[in-house]
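This report refers to the structure that appears directly beneath it.
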Amino acid sequence: MRVNFTVNGRPQEADDVWEGESLLYVLRERMGLPGSKNACEQGECGSCTVRLDGVPVCACLVAAGQAEGRDVVTVEGLADYAKQRAEHGGCGTGACGTPGGTSLQDAQQWQAKPLDSQTGEGGELSPIQQAFIDAGAVQCGFCTPGLLVAADEMLERNPSPSDADIREALSGNLCRCTGYEKIMDAVRLAAARQSETAPSQGA
Ligand code: FES
Ligand code: FES
């Protein structure tokens, strides 16, 4: 079957999709977007987290056919998504009329560009990605894409999260390296920076 959907704000189609194929497989193997990681394939680790119509989901548990006509945001499109949201107050997907999005080619190349954590040179980063680097929340990095997508979504709907809110939002994302404290620091840092740059209420 053919699946038509939006990936990172741009219309895409995947052909010859098998009925049992997962959204994760389509993204990684057909679209060439390996940012969403494949670890457990059972919905247990969260390393494959993407947004489907704005909601964080485990892409390994979503049948590709379920994505028909829907908006998917992956870690490769997170920087542009966050930029659109900050500049236009839009949803970041283009579905609300806000222009933008990340082309498939740019998304594929973003993944290929090595990021220099000292100079920041490489792929453009969203605030949550920068916070993870600044807080030292990335070790092997395998869990990081899923954590970034989940944390970004939480900060979108809850700009001032408590530690309990952060733990709850990231409870489906397992990390085998960091012990989670640096990850908590990163999300707190992103929230603090977001509140510094957010327009004040009633202004
Ligand atoms: S690979 Fe999808 S939850 Fe682990
Ligand atoms: S940084 Fe290695 S699993 Fe999280």
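Bear in mind these aren't lab numbers, they're just calculated from the coordinates by the rules spelled out. Source: prediction; values computed, not measured. Methodologically, a virtual Cβ is constructed for each residue, glycine included, from the backbone with ideal geometry; neighbour enumeration extends over all protein chains shown.
Values as computed for the structure displayed
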item: Residue-count net charge about Ala39 - beta-carbon cut-off 14 Å; Lys, Arg +1, Asp, Glu -1; result: +1
item: By average C-beta atoms within 10 angstrom, highest first, the peptides 168-175, 7-14; result: 7-14, 168-175
item: Packing-based order for 35-42, 70-77, using average beta carbon neighbours within 10 Å, highest first; result: 70-77, 35-42
item: Environment charge at Asn158 (Cβ cut-off 11 Å; Lys +1, Arg +1, Asp -1, Glu -1); result: -3
item: Glu13 paired with Gln105, simple spin-label distance in nm, labels 7 Å along Cα-to-beta-carbon; result: 2.0 nm
item: Derived scalar couplings ³J(HN,Hα) [the stretch 129-134; Karplus, 6.51 cos²θ - 1.76 cosθ + 1.60; whole Hz; x for Gly, Pro]; result: 5, 4, 5, 4, 5, 5
